[in-house]
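Report on the structure given below.
The values are calculated or read from the model by the stated rules, or taken from the named source; none is laboratory data. These numbers were taken from a predicted model, which means no experiment stands behind them. Positions of Cβ are generated from backbone atoms using ideal geometry, with glycine treated the same way; all protein chains shown enter the neighbour counts.
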Amino acid sequence: MALNEELTPTMEDEQIRKEFEALLEDYRQTNHRQKIALITKAFNFANVAHKGIKRRSGEPYILHPIAVARIVVKEIGLGSTSICSALLHDVVEDTDYTVEDIENLFGPKIAQIVDGLTKISGGVFAEKASQQAENFRKLLLTMSEDIRVILIKIADRLHNMRTLGSMPPAKQYKIAGETNYIYAPLAHRLGLFRIKTELENLSFKYEHPDTYHLIEEKLELDKADRDMFFKEFSGTISKKLHEMGYEFFLKERIKSIYSIWNKMSTRNIPFEEVYDILALRIVFKPKEGMSEKDQCWMLYSALTGIFKPHPERIRDWVSTPKANGYEALHVTVMGPFGRWVEIQIRSERMNDIAEKGLAAHWKYKSGESKEIGESELDKWLKTIKELLESPEPNAIDFMDTFKLNLFASEIFVFTPKGEIKTLAMGSTALDFAFDLHSDLGMHCIGAKVNHKLVPLSYKLNSGDQVEILTSQKQTPQPEWIDYVTTARAQTKLKIYFRRFEKSLIVDGQKMVEDALAAINLTPDNENIVRILNYYKYTQRNTLYLQAAKGQINLEDIGKVIFKPKNENVFVKYLKRPFVGSGENKQNKNVDNPELVPAVKVDRKKTFILSEENAGVTYKLAECCHPIPGDDVLGYVDETETVIIHKRNCPTAAKLKTNYGDRLVSAQWATHKALSFVEVLEIKGIDKKGVLIEILKIISEKYGGNIYKMDIETNAGIFVGHFFIYVHDTEDIELLCKNIRKIDEVSSVQRVLQ
């Protein structure tokens, strides 16, 4: 059937019936108590409520709740309460039915979950900053009340991402950015690794379609070699496990496209140098009379008897599970053809938890692992509740603080009495003090790590034994905010400093008002805005605080900002920009924005980045230095100037999450007049004449200009950074391709600035 072909009512009903039957079949495959009648009742209610409503793709709307319910049962492993809630999750928001109606028909628990989902509907983030913070807090509050709310919300987001193709590009960037910034880390923290990987992949697919398809093609080309390698490698392991009398299955795990790209970007390496694309997973059925942990180590011992292990690549999450409950033993071994391969060893229970995360914990009602996993998750939820007690007034700061708690890897440290504590990787001695108790953090003067005195900023490592030293005379210092990395410590310090700063702000406000009064001016909005613009502040409180701290010279208010005007009218008009002048026309909005009103940008259309308008209707962001050919998007600022960011820029990630309504899709026109300085990192063998060969290609064959170059040699190897003027990414790719042809050159990469 063609994509734009209309479905007749009969065909629609048949499609809906088939999808609902598939949902019931997924449910029948589970061990949950079968409540088919209740689920059918919820479906019939939702189907009538959404009758006649279509999605953007043209499909009947009810197919979306059915798809979400299928993800909830099949991919997360939840039961009838969650399935019914998923089927009903949009009824209250999109129809005339109320939460009370849901409660009367389906009971208080389903109504509570549907109410929680309705509160955070339409995305976690609304269009205004205050609403963003409020909606985000609602999300976290509902999460701490009933975790199923966020699990269903993640399923809802996953289906929206799977059907994102029907949305316009600007909307795709917003949803993909929000997904990668919040939902993928949430799925990770809740142990939904497969869903987290798919969310990352889909976000990447819509933000960088060309790069996504390029990596996809390279993976397909490499498939035959991988299959042959896996067959030989797994055959040896299978034979050994059979000899040991285990029931098991082996699974090939291919690194996700997003993870491959992430590694290529962070390490500045080509696809061919990503060596851990393939991994092997062993899932075994434990034998009775021996702990799962001991059996994992037995299998490890058997495997390392066949293959040589990498001494620095062992990850033991069996002895101490991750905070989200993940348990496994990872070891990297040298396989056939001199290839390093990671092996993940899991029991069936561990695999279930790894696949379905938090939901799987509910299945295992007894045992030590459940206790550890739940207690760590409880600690995390407790931290979220602490953040909610005194949330950041600024929505973006609040979300950044929360983000610290999401994607952090863990380290394990010990108290002086030998008690184990889990902390985020990168935590300092001061973070540890706050983790133990707020009072310890507030009065901390230092720490002893492994019986040696260290400063508060000392970064802890797994296995450290830490003793906190305190003094009742000690109070938090401003520089402490730079010493901590965890959300808990940052929140506690910010609350303390905010209270302290309130009195300073009052003093500073009086100082600014006195300075204005001295030149017979009132502290009205216009005058304060003029002072803010002069000092380049955006918040009044920042101005007052800096004034109270003596960081700004208040004499500037009378002498510079409101300097008496004594120039005659003729000179005044000479200084006014002449609109007909090309140079002044380009800068008129910067110098005097009130002279010419900004032209409103049409956010539904793709914004074309032409050479003529560079610096006039659009600017290239300083944070990521995009050049023609890069995947970009536009952010429309208050003056209707479009700021162009790379789509993978960290600043753009925040913009996509918080200001989706200001985004526009952007496309480069042909750029061959403007030049940009880009950096190429070239590595190779330090042989006589190799530098001349490189310079010949850059200057003669390519005709490029070198801005500067830095070259270092060590033990016969050279690393050079060449700063070259280019027009676009096509120039860079052509240059790299030609330089790689030199025999002595091992790698050429664009260094992202």
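Which members of the range 182-200 meet the condition of being crowded, with 18+ Cβ neighbours inside 10 Å, in a helix (DSSP H, G or I) and in contact (Cβ under 8 Å) with a residue 24 or more places away in the chain? Correct list: I182, Y183, P185, L186, A187, H188, R189, I195, T197, E198, L199, E200. With respect to the conditions (1) free of Cβ contacts under 8 Å to residues at least 24 places away in the same chain; (2) of a type outside the set (S, T, Y); (3) within 27 Å of R498 (Cβ to Cβ); (4) surrounded by 14 or more Cβ atoms within 10 Å (Cβ to Cβ), I531 falls short on a single one, namely (1).
For T651, the conditions (1) at pLDDT 85 or above; (2) touching a Cys at 6+ places or on another chain (Cβ under 9 Å) are fulfilled apart from (1). Among the residues making up the range 711-740, a single one is free of Cβ contacts under 8 Å to residues at least 24 places away in the same chain and in contact with a helix residue (DSSP H, G or I) (Cβ under 8 Å, 6 or more places away or on another chain): I711.
Give me the residue from the range 442-474 that is in contact (Cβ under 8 Å) with a residue 40 or more places away in the chain and of a type in the set (A, V, I, L, M) and, out of that set, surrounded by the fewest Cβ atoms within 10 Å (Cβ to Cβ). The qualifying residue surrounded by the fewest Cβ atoms within 10 Å (Cβ to Cβ) is M442.
Of everything in the range 475-507 that is over 24 Å from the mean Cα position of the chain (by Cα) and among the β-branched types (V, I, T), the residue that is surrounded by the most Cβ atoms within 10 Å (Cβ to Cβ) is I505.
In the range 281-303, the count of residues that are within 14 Å of W340 (Cα to Cα), among the polar types (S, T, N, Q) and outside the structural domain of A184 (by TED's automatic domain parsing) is zero. Checked against the criteria, K251 does not count as out of contact with any Ser or Thr (no Cβ under 9 Å at 6 or more places or on another chain), assigned to a helix (DSSP H, G or I) and among the charged types (D, E, K, R). Quick one: would you say R33 is closer than 20 Å to A155 by Cα and either under 30 Å from the mean Cα position of the chain (by Cα) or of a type in the set (K, R) (or both)? So R33 fails the test. Residues in the range 728-740 that are out of contact with any Asp or Glu (no Cβ under 8 Å at 6 or more places or on another chain) and crowded, with 19+ Cβ neighbours inside 10 Å were compared, and the one that is farthest from I697 (Cα to Cα) is D728. Residues that are under 36 Å from the mean Cα position of the chain (by Cα), surrounded by 14 or more Cβ atoms within 10 Å (Cβ to Cβ) and closer than 17 Å to L38 by Cα within the range 104-116 comprise K109, I110, A111, Q112, I113, V114, listed in sequence order.
Table: residues versus (1) closer than 27 Å to L192 by Cα; (2) at pLDDT below 90; (3) surrounded by 17 or more Cβ atoms within 10 Å (Cβ to Cβ).
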{"position": "K255", "(1), (2), (3)": "yes, yes, yes"}
{"position": "R267", "(1), (2), (3)": "yes, yes, no"}
{"position": "F284", "(1), (2), (3)": "yes, no, yes"}
{"position": "K308", "(1), (2), (3)": "no, yes, no"}
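All of A46, A69, A86 fail the test of being among the aliphatic types (A, V, I, L, M) and either more than 31 Å from the chain's Cα centre (by Cα) or in a loop (DSSP other than H, G, I, E, B) (or both), apart from A46. Here E292 fits the description: more than 33 Å from the chain's Cα centre (by Cα) and buried (at least 18 other Cβ atoms within 10 Å of the Cβ). Screening E100 on (1) part of a helix (DSSP H, G or I); (2) modelled with pLDDT of 85 or more; (3) surrounded by 12 or more Cβ atoms within 10 Å (Cβ to Cβ) shows it passes everything except condition (3).
Conditions (1) in a loop (DSSP other than H, G, I, E, B); (2) over 19 Å from I420 (Cβ atoms); (3) out of contact with any strand residue (DSSP E or B) (no Cβ under 6 Å at 6 or more places or on another chain), marked per residue:
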| position | (1), (2), (3) |
| --- | --- |
| S301 | no, yes, yes |
| T304 | no, yes, yes |
| E312 | no, yes, yes |
| S319 | yes, no, yes |
| T332 | no, yes, no |
| F337 | no, yes, yes |
| M350 | no, yes, yes |
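Taken together, the criteria exclude E220 from residues that are surrounded by fewer than 15 Cβ atoms within 10 Å (Cβ to Cβ), part of a helix (DSSP H, G or I), in contact (Cβ under 8 Å) with a residue 24 or more places away in the chain and over 18 Å from the mean Cα position of the chain (by Cα). Take the residues in the range 625-658 that are without any contact (Cβ under 8 Å) to a residue 40 or more places away in the chain and part of a loop (DSSP other than H, G, I, E, B), then tell me which one is surrounded by the most Cβ atoms within 10 Å (Cβ to Cβ). By that ranking, first place goes to P626. State whether one or more residues within the range 680-701 are in a loop (DSSP other than H, G, I, E, B), surrounded by fewer than 17 Cβ atoms within 10 Å (Cβ to Cβ) and under 37 Å from the mean Cα position of the chain (by Cα). Taking every residue of the range 680-701 in turn, none turns out to be in a loop (DSSP other than H, G, I, E, B), surrounded by fewer than 17 Cβ atoms within 10 Å (Cβ to Cβ) and under 37 Å from the mean Cα position of the chain (by Cα).
Inside the range 7-38, residues that are in a helix (DSSP H, G or I), surrounded by 12 or more Cβ atoms within 10 Å (Cβ to Cβ) and either among the hydrophobic types (A, V, I, L, M, F, W, C) or touching a Lys or Arg at 6+ places or on another chain (Cβ under 7 Å) (or both) make up a count of 8.
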